[in-house]
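Take a look at the structure below.
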Amino acid sequence: MDLTYISALLRHGFGYHDNSVLVLQKKIEDIEVSWALGAAVHLLRGDDISSSVEEMPSG
C-alpha cells in the first residue's frame, strides 16, 4: 500500500514520469538529511517554518 501511495504521489502529485530516476540519500557529506522530511511536511501544510527555526550561534 505504501509503494502505491508513493508512486501515485510522485506521478500525479509531482509530475514525475515512470522512467524518472530518483536518488535517495540518508547522508550528504556525513550530515543526516532526515530533517528535510519535517521541513517538507511543514511547507506542504503551509506552516511558517521561519518562526520555529533558531539561529545558530556564530563562531
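For the range 23-59, the set of residues classified as assigned to a loop (DSSP other than H, G, I, E, B) and modelled with pLDDT of 75 or more consists of Val23, Leu24, Gln25, Lys26, Glu29, Asp30, Val33, Ser34, Gly46, listed by residue number. Selection of first residues in the range 27-48 that are surrounded by 10 or more Cβ atoms within 10 Å (Cβ to Cβ) and of second residues that are charged (D, E, K, R) and not in a helix (DSSP H, G or I), restricted to Cβ pairs under 7 Å at least 6 apart or on distinct chains, gives the following pairs, ordered by first then second residue: Glu32/Lys26; Val33/Lys26; Val33/Lys27. Consider Ser20 carefully, then state whether it is at pLDDT 80 or above and not in a loop (DSSP other than H, G, I, E, B). Spelling it out, it is not the case that Ser20 is at pLDDT 80 or above and not in a loop (DSSP other than H, G, I, E, B).
The values are calculated or read from the model by the stated rules, or taken from the named source; none is laboratory data. Nothing here was measured: the structure is a model prediction, and the numbers come from that model. Counting neighbours? That spans all protein chains shown, and the Cβs are built from the backbone with ideal geometry, glycine included.
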